[in-house]
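For reference, the structure discussed in these notes is given below.
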Amino acid sequence: MLKLLTSFLLLIQTMTEPLKPPEIWATPIPDFDSRHSWDYHLPATEYGAGHRGIDLLVSPGQQLRAPFDAVVSFSGKVVDRNLITLLSLTGYKASFEVVCTDLTEGDWVSEGQVFGQACKGDPGYHEHCQNCVHFSVRSPYGYLNPLLFVGKLKPSQLVS
């Protein structure tokens with residue numbers, strides 16, 4: 001019975017895709033260190049209140065550059081604002097809002113290529129910060145802090 005259980009656990013382990021270590025991406029705007037807020041806050045529950053990304057402080061119309069080689073997995077309006085999501089070759093998704101772009105789903109962007117510009121939401125859209133673009137990162141397991149991917153946050157380590 002122990003052999004069967006061990007074999008089953010090994011099979012399950014090989015079938016599930018492990019979370020890849022964070023990559024280091026290029027920053028989507030110049031002067032990144034001084035032009036973002038550090039307010040990533042993962043909520044306690046999947047649908048709880050939180051801030052699942054960081055805000056990039058931008059000028060109206062400022063261009064944003066792809067932090068990695070990617071395919072556009074979404075480009076369009078969500079309720080009252082434009083959003084674009086870039087899918088990395090390793091499965092991470094980076095989303096940016098409010099961003100206007102001519103790119104459509106399936107388009108390819110190279111690291112450093114301009115993929116859009118900061119814009120305003122529809123009339124009535126309530127911005128949670130003025131002149132900013134929200135930048136979030138997701139893996140198949142949920143949201144992650146974008147600062148980890150641009151080399152500005154070191155991963156936690158358990159010490160004994």
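The values are calculated or read from the model by the stated rules, or taken from the named source; none is laboratory data. Only a predicted model underlies this, so the values are computations on that prediction, with no experimental measurement involved. As a convention, Cβ positions derive from the backbone with ideal geometry for all residues, glycine included, and neighbour counts pool all protein chains shown.
State which residue is surrounded by the most Cβ atoms within 10 Å (Cβ to Cβ) when the search covers only segment 22-74 and only residues that are hydroxyl-bearing (S, T, Y) and either under 19 Å from Q117 (Cβ atoms) or touching a Cys at 6+ places or on another chain (Cβ under 9 Å) (or both).
Per the stated criteria, the residue is T27.
Only one of S37, S95, S75 is modelled with pLDDT of 85 or more, at negative phi and either hydrophobic (A, V, I, L, M, F, W, C) or touching an Asp or Glu at 6+ places or on another chain (Cβ under 9 Å) (or both). Can you tell me which? If you could, list the steps in order and put the result at the bottom.
Values: S37 fails: modelled with pLDDT of 85 or more; S95 fails: either hydrophobic (A, V, I, L, M, F, W, C) or touching an Asp or Glu at 6+ places or on another chain (Cβ under 9 Å) (or both).
When all the criteria are applied, what remains is S75.
With (1) loosely packed, with under 13 Cβ neighbours inside 10 Å; (2) more than 14 Å from the chain's Cα centre (by Cα) as the list, and G91 as the residue in question, which single condition is left unmet?
Going through the list (1) loosely packed, with under 13 Cβ neighbours inside 10 Å; (2) more than 14 Å from the chain's Cα centre (by Cα), G91 breaks only (2).
State whether one or more residues within segment 94-111 are surrounded by 16 or more Cβ atoms within 10 Å (Cβ to Cβ), under 18 Å from L144 (Cβ atoms), out of contact with any His (no Cβ under 8 Å at 6 or more places or on another chain) and β-branched (V, I, T).
Taking every residue of segment 94-111 in turn, none turns out to be surrounded by 16 or more Cβ atoms within 10 Å (Cβ to Cβ), under 18 Å from L144 (Cβ atoms), out of contact with any His (no Cβ under 8 Å at 6 or more places or on another chain) and β-branched (V, I, T).
Let me spell it out: the conditions are (1) surrounded by 10 or more Cβ atoms within 10 Å (Cβ to Cβ); (2) at pLDDT below 80; (3) among the hydrophobic types (A, V, I, L, M, F, W, C), and L2 meets all of them except one. Which number is the exception?
(1)
Examine segment 124-134 for a residue that is in contact (Cβ under 8 Å) with a residue 40 or more places away in the chain, among the hydroxyl-bearing types (S, T, Y) and buried (at least 16 other Cβ atoms within 10 Å of the Cβ), and state whether such a residue exists.
No, segment 124-134 contains no residue that is in contact (Cβ under 8 Å) with a residue 40 or more places away in the chain, among the hydroxyl-bearing types (S, T, Y) and buried (at least 16 other Cβ atoms within 10 Å of the Cβ).
I need the full set of residues from segment 80-101 which are in contact with a strand residue (DSSP E or B) (Cβ under 8 Å, 6 or more places away or on another chain), of a type in the set (D, E, K, R) and over 15 Å from G142 (Cα atoms), in order please.
The answer is R81, E97.
In segment 146-159, which residues are modelled with pLDDT of 90 or more and either more than 13 Å from W25 (Cα to Cα) or small (G, A, S) (or both)? Write out each step before concluding.
Residues of segment 146-159 that are modelled with pLDDT of 90 or more, as a first pass: 146.
None; the set is empty.
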